[in-house]
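So the structure is just underneath, and the comments pick up after that.
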Amino acid sequence: MSTAAPPADWRRLDPRTVLVTALVVAGVVAGAAVPVTLGLTRWFSPQAAVLQVLAGAVVVIGAAAGADRVRWHRTRYRIGEERVDLHTGLLLVKRRSLARGRIRTVDLTANPMLRLLGLVTVRIGTGEQGHDSTLELDPVTRAEGERLRRLLLERAAIAPPGEHREGELAVLDPRWIRYAPVSFVAPMLGGAAAGAVMQVSDWAGVQSDVIEWIGGLFRDTPLLWMIVVLVLAALVAGVVGALGLWIEMWWNYRLEREPGGTLRVRRGLFTSRSISVEEARLRGVDLVEPLGVRLLGAARLDAITTGLAKDTEAKNADHNTLLPAAPRLRADAVAADVLREAVAPTGAALVRHPRAARGRRLRWSLAAVLGPVLVLSVLGALLTPVLLWIALGCAVVSVPVAVVLALDAYRGLGHALSGRHLVTRSGTVRRSTAALERAGVIGWTVKQSVFQRRAGLVSITATTAAGGGAYTVYDADAAEGLAFAAEAVPGLLEPFLERTGRPDTLKT
């Protein structure tokens, strides 16, 4: 096979990609070798089983390395003045191209194997949905990855107005790890751990033995206490998993502003990640406070920006997170630095919403918890009284929780104008305070149900091309909400308002 270099203006991936593939496949094969060998000993002697597994491993590793060698030989890329081109494929050649003017992200990722070899994977994206909006160079040297990142993003090197410093904006504080166990990740990981134990035991054909062993441990324990202990064990496993996941994701975290107006987030213990956000594409920030994190006085900071849509290959990349859960005052300070504001809009005093909004939340919450209670009650009356006791227990536990969450959701409602930004806050289990640049609003959506109309309320949504695409002021006073929208973006909503003796109202 020819190894001639590509034309001068074309480049190839790093040839060590073949070594990386061989090592990764070898690791997978090694993990599968033991159970396969044990299975073969049913029909062959141990020595013969080992030899067969070794022969199969050589074939699999060799085939994978050979296929990757062909991929390397048939892959080349070029950075032109107007476009970025990537050609790959043997029989069916794929030619993909991105206009440089549409490129929004150049992200560098390196798993432990790539880091050991000084390589990175470069993902060049336009921020649009779909596989065709991203080119992936896997792998190139770290120096080449940094060169591509600077080259493809330097076109946006026009610093926004403001006197805020360049360089480091935030760096990891190890004390922030205390927020990991109170996130929603911990119970999810605990449940996943319990499910994994049962699944693996089922694959091994010993699930009944595992269940019998657990039953033996709690033979003299009441059922209720057994459930409590198992739930606590799952939570402990989830907490340990959440701590490990946090360390892997956020160790070596650093947020910095580069010359020309590019925000760069670097993080990762084993797998390093480098994510760049052009300030020219930044339209605001979102201060996110999940319930557990908020109870400890902390918040996470996300970017509201165009060009960071999550495609199918990077759906779990957390591309828009600028700051992990940190003390609220620190998050506000970073928000001010990121937005080049003297005072963070996320800390602005908000306009409270009418008490009618509190009533709506109370009714929604009570309906959500009393609906299942009513169903259990009906079934209990028809089938067995046990369900009536279950319904009573559910009501006693869930109704107070629903009321507390509804009142908290009402207290969290608010909106305001703060300089160049409009601010809206809502939520309780996941409270969000979004500061959206007023110039980034491209439209308003006004919704008013029959019940909202009777209560004098309205929900107003600012639509934008950035972030989630829509940021809503829920259940505001109708007159005040419309006035807020009209003042936030002058001239956009006025054509749809009519002046009467009463406050502004929508034309019908």
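The values are calculated or read from the model by the stated rules, or taken from the named source; none is laboratory data. Computed from a prediction, not measured in an experiment: that's the story for all the values here. Cβ coordinates were reconstructed from backbone atoms using ideal geometry, including for glycine residues, and neighbour counts include every protein chain displayed. Quick note on the areas: whole protein, heavy atoms, side chains included, nothing else; ligands and nucleic acids left out. Shrake-Rupley method; radii C 1.70, N 1.55, O 1.52, S 1.80 Å.
A Förster distance of 56 Å, applied to the separation of the beta-carbon atoms of residue 115 and residue 232, puts the FRET efficiency at 0.90.
How much FRET efficiency would the formula 1/(1 + (r/R0)^6) give for residue 90 and residue 32, where r is the Cβ-Cβ distance and R0 is 30 Å, rounded to 0.05? For R0 = 30 Å, the calculated efficiency reads 0.60. From the Cα gyration tensor of segment 29-90, with a ≥ b ≥ c the square roots of its eigenvalues, which class applies: rounded if a/c is under 1.5, or else prolate if a/b is larger than b/c, or else oblate? Judged from the Cα gyration tensor, segment 29-90 comes out prolate (a/c at least 1.5, a/b above b/c).
Per-residue 3J(HN,Hα) values for segment 99-114, derived from phi via the Karplus relation 6.51 cos²θ - 1.76 cosθ + 1.60 with θ = phi - 60°, read 5, 4, x, 9, 5, 10, 9, 9, 10, 10, 9, 9, 6, x, 5, 5 Hz in sequence order (x marks Gly and Pro). Quick one: grab the alpha carbon gyration tensor of segment 386-443, order the square roots of its eigenvalues as a ≥ b ≥ c, and give me rounded if a/c is under 1.5, else prolate or oblate depending on whether a/b is larger than b/c. Prolate shape, in that a/c is at least 1.5 and a/b is the bigger ratio. Surface analysis of the chain yields an accessible area of 52 Å² per residue, using protein heavy atoms and a 1.4 Å probe. Relative contact order of segment 308-445: 20 percent, from C-alpha pairs under 8 Å at least 6 residues apart in sequence. Here the Karplus curve 6.51 cos²θ - 1.76 cosθ + 1.60, taken at θ = phi - 60°, turns the phi angles of segment 171-177 into couplings of 9, 4, 10, x, 5, 5, 5 Hz, with x standing for Gly and Pro. Short-range pairs are left out: with C-alpha atoms under 8 Å and at least six residues apart, the relative contact order of the chain is 11 percent.
Taking the charge dipole of the chain about its Cα centre, with +1 at Lys and Arg Cβ atoms and -1 at Asp and Glu Cβ atoms, the residue from 443, 344, 13 reaching farthest to the positive side is 443.
Of the trypsin sites (Lys or Arg not before Pro) found in segment 319-368, those in coil by DSSP whose Cβ has at most 16 other Cβ atoms within 10 Å are 352.
Distance between the 7 Å Cα→Cβ label points at residue 349 and residue 224: 5.0 nm. Relative contact order of segment 174-238, taken over Cα pairs closer than 8 Å and 6 or more residues apart, is 60 percent. Within the accessible area of segment 53-120, the carbon and sulfur atoms contribute 62%, probe 1.4 Å, all protein chains present. Under 5 Å between amide hydrogens, built in the peptide plane, is the criterion, and for residue 285 it picks out 304, 435 among residues at least 5 positions away or on other chains.
Per-residue 3J(HN,Hα) values for segment 391-405, derived from phi via the Karplus relation 6.51 cos²θ - 1.76 cosθ + 1.60 with θ = phi - 60°, read 4, 5, x, 4, 5, 4, 7, 7, 5, x, 4, 5, 5, 4, 5 Hz in sequence order (x marks Gly and Pro). Electrostatic bookkeeping for residue 68 treats Lys and Arg as +1 and Asp and Glu as -1; over the other residues with beta carbon under 14 Å from its beta carbon, the sum is +3. Residue 298 sits among other residues whose Cβ lies under 13 Å from its own Cβ, and their net charge, with Lys and Arg +1 and Asp and Glu -1, is +4.
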